[in-house]
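First the structure, in the form of structure tokens, and then the observations on it.
The values are calculated or read from the model by the stated rules, or taken from the named source; none is laboratory data. All values reported here derive from a predicted model rather than from experimental measurement. Using ideal geometry, Cβ is built from the backbone for each residue, glycine included, and neighbour counts are taken over all protein chains shown. Note: areas computed on protein heavy atoms with side chains; ligands, DNA, RNA excluded. Shrake-Rupley method; radii C 1.70, N 1.55, O 1.52, S 1.80 Å.
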Amino acid sequence: NEEEDQRSLQKYREIFSTLPTEKGWETEHLFLYQGFWHILPLGMGVMAAQNHFKASSSDLFLASSPKTGSTWLQGLIFAVVTRDLHPFAQHPLLTVNPSDLVPSLEIKLYSSNQIPDLDVLPAPRLFATHMPYTSLPESIIECRCRIVYICRNPRDTFISMWHFFNKIRSNMLKMPQLPLEEGFDMFCKGATPFGPFLDHVLAYWKESLEKPQTILFLKYEEFQARPSDQLKKLAEFLGYPFSLEEEKEGVVEEIQKLCSFDNLSNLEVNKTGRTPNGFGYSALFRKGNVGDWENYFTAAMVEKLDQITTQKFHGSGLAF
Ligand code: A3P
């Protein structure tokens, strides 16, 4: 009931007020909770989801660190799973941002001031999350829910993040730009929302090796290079493989086209649409390229981030 919900939320707020803090990327500070950095509203969402979310084995999840291609994968997963329900000409993705079709537990569902009732949603429920593996609500692990993890090379992830927060700073908060060097130091220190980024990636990578049936580890760069192969792999993992007939009819290509950067970023909803708190969906679409880091990184930055990455991933079999 509502009173109980409010008491829980007050408790989470109190817990957060005791946690170590670090300067954030905009006005919100970062709080260290279970080894990862969170801004208050989303960290509260993580706690609320941990305490209230009840997974069902048919739930499907997209997990990711911010700025690694989450919006793209939200669109692809929705399009794959619901393809029998929606003709491409009148598809929900033409008028709704992907983040509203595959909602994030901590951003959309549990971060407002109430605990949602998700039992009413039809199966399979599709959810997204930026939560680190070790902070996922226990029932997700117990139910062996399938989790798709999308990751991206650290250099492009940082550049995407830096642009994203600068957009929020200038458009929503009227703050000056965050200097590139300052953002880079914070990224290298691991002080990013849901960071350290490399720890986030590594934990899902290790789990994906141990439990390939439950975690599919995908790379943004591979998806860009071989979209149909990756899309088929994704559909099969989710339990919605493409039939030969569908492949012949070009369904794989249709989904790719529907969710392409050019298509999604030019839709009215994604150009001018906003969430109730004023966040413009256009901030989720910038360039959608691999290798944009080359336009920003100095040799010293390449060396520093490479060294941290190599050290962190040493012996894991993961490389970019
Ligand atoms: P860039 O800033 O490098 O352009 P997230 O969705 O996790 O926030 O990730 C955002 C990044 O994904 C941004 O990268 C954005 O442009 C890119 N992106 C968004 N939609 C995409 C799509 N349909 N295809 C490929 N990349 C996409």
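Straight-line cross-link reach from K312 at under 15 Å between alpha-carbon atoms covers these aspartates and glutamates, not counting any fewer than eight positions away in the same chain: D199, E303. In the assembled protein chains, S58 presents an accessible area of approximately 50 Å² (probe radius 1.4 Å). Around the amide H of Y33, modelled in the peptide plane, lie the amide H atoms of H38, all under 5 Å away and 5 or more residues distant in sequence or on another chain. A rounded overall shape is assigned to the chain, the ratio a/c of its alpha-carbon gyration tensor axes (a ≥ b ≥ c) being less than 1.5.
Distance check, please: which entries in K67/K271; K108/K189; K108/K232; K167/K189; K54/K108 exceed 24 angstrom between their Cα atoms? Pairs exceeding the cut-off: K108/K189; K108/K232.
Summed over the residues of the range 185-308 and divided among them, the accessible surface reaches 51 Å² per residue at a probe radius of 1.4 Å.
Close amide H partners of K219, meaning residues 5 or more places away or on another chain with modelled amide H under 5 Å apart, are C151. Heavy-atom accessible area for W72, with the other protein chains in place and a 1.4 Å probe, reaches approximately 50 Å². Only bridges with both residues in the chain count here: give the DSSP antiparallel percent, nearest 5. Once the DSSP bridges in the chain are tallied, antiparallel ones form about 30 percent.
Share of the range 1-141's accessible area from carbon and sulfur, percent, 1.4 Å?
Values: 3240 of 6080 Å².
Of all accessible area on the range 1-141, carbon and sulfur atoms account for 53 percent.
Of all segments of the chain bounded by trypsin sites (Lys or Arg not before Pro) found in a DSSP loop with no more than 16 other C-beta atoms within 10 Å, the longest spans 175-285.
Over the range 149-269, the pair-distance histogram of Cα-Cα distances with 5 Å bins from zero comes to 2, 9, 14, 16, 16, 16, 13, 8, 4, 2, 0 percent, rounded to whole numbers. In this view, the solvent-accessible surface of Y296, computed with a 1.4 Å probe and all protein chains in place, comes to about 70 Å². Using a probe of 1.4 angstrom and keeping all protein chains present, the accessible surface of the range 1-160 works out to 42 square angstrom per residue.
Shown in residue order for the range 298-315 are the 3J(HN,Hα) couplings computed by the Karplus curve 6.51 cos²θ - 1.76 cosθ + 1.60 at θ = phi - 60°: 8, 4, 5, 5, 4, 5, 5, 5, 4, 5, 5, 5, 4, 5, 5, 8, 3, x Hz (x for Gly and Pro). Remark on A128: its backbone amide H falls under 5 Å from those of L62, S104, L105, a criterion applied only to residues 5 or more positions apart or on other chains, H modelled at 1.01 Å from N.
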